[in-house]
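Report on one structure; see the data block that follows.
The values are calculated or read from the model by the stated rules, or taken from the named source; none is laboratory data. This structure is a prediction, so every number in the text was calculated from the model and none was measured. Counting neighbours? That spans all protein chains shown, and the Cβs are built from the backbone with ideal geometry, glycine included. Note: areas computed on protein heavy atoms with side chains; ligands, DNA, RNA excluded. Shrake-Rupley method; radii C 1.70, N 1.55, O 1.52, S 1.80 Å.
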Amino acid sequence: MSTGFRPTEADAQLIECLKGPGESTSELIRRGLRSLAREEQRRRAHEDMARIAASGENPADEPDEWEYTEDGRIRIVGTDTIVNARPEETR
């Protein structure tokens, strides 16, 4: 996919100001898009938090869907799925 973009003079100045050493305009735009996506995720998360707070719901009151086994592994409640609490170290 190719997208055309004709920056204004102000856009071009901003692009040059924001580009890192050796960074192309395309790389800068990709970085900007990822930053914009993260900002959108944060905005939605804040909206969700406000909605949950306004509803009086407290997710901490919900029971856990996992538990520790006697040997310290993790079991998903209601299943036979058990996993290590931490990945095994490789040597």
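Compare the Cα positions of 77, 36, 66 along the charge dipole of the chain (+1 at Cβ of Lys, Arg; -1 at Cβ of Asp, Glu; about the Cα centre) and return the one farthest towards the positive end.
The residue sitting farthest along the positive end of the dipole is 36.
Please compute P(r) over all alpha-carbon pairs of the range 35-87, binned at 5 Å starting from zero, and give each bin as a whole-number percent.
4, 16, 13, 12, 11, 13, 20, 8, 1
Could you work out what % of the accessible surface of the chain is carbon and sulfur, using a 1.4 angstrom probe and leaving DNA, RNA and ligands out of the count?
52
For the chain, which chymotrypsin sites (Phe, Trp or Tyr not before Pro) are both in a DSSP coil and crowded by at most 13 other Cβ atoms within 10 Å?
Working: sites: 5, 66, 68; in loops: 5.
Of the chymotrypsin sites (Phe, Trp or Tyr not before Pro), the ones in loops of the chain whose Cβ has at most 13 other Cβ atoms within 10 Å are 5.
Between the helical axis of 25-55 and the dominant principal axis of the chain, each derived from Cα atoms, what acute angle in degrees is found, rounded to the nearest 10?
Orientation of helix 25-55: about 40 degrees from the principal axis.
Note down the magnitude of the dipole of the chain about its Cα centre, charges +1 on Lys and Arg C-beta and -1 on Asp and Glu C-beta and zero elsewhere, to the nearest 20 debye.
Dipole size: approximately 640 debye.
Can you give the helix-only mean residue ellipticity at 222 nm for the chain, where every DSSP H stretch with n ≥ 4 adds -39500 (n - 2.57) and the sum goes over all residues, rounded to the nearest 500 deg cm²/dmol?
Details: 2 runs with 41 residues, N = 91.
Theoretical 222 nm ellipticity from helices: -15500 deg cm²/dmol.
If I fit a long axis through the Cα atoms of helix 9-18 and take the longest principal axis of the Cα atoms of the chain, what angle between them do I get, 0 to 90°, rounded to 10?
50
Which of 43, 31, 73 moves most in a GNM of the chain, Cα contacts under 10 Å?
Largest GNM mean-square fluctuation: 73.
With N set to the number of residues, divide the alpha-carbon radius of gyration of the chain by 2.2 N^0.38 Å and report two decimals. Present the calculation step by step, with values, prior to reporting the outcome.
Working: Rg = 23.4 Å, N = 91, 2.2 N^0.38 = 12.2 Å.
Its radius of gyration relative to the 2.2 N^0.38 Å reference: 1.92.
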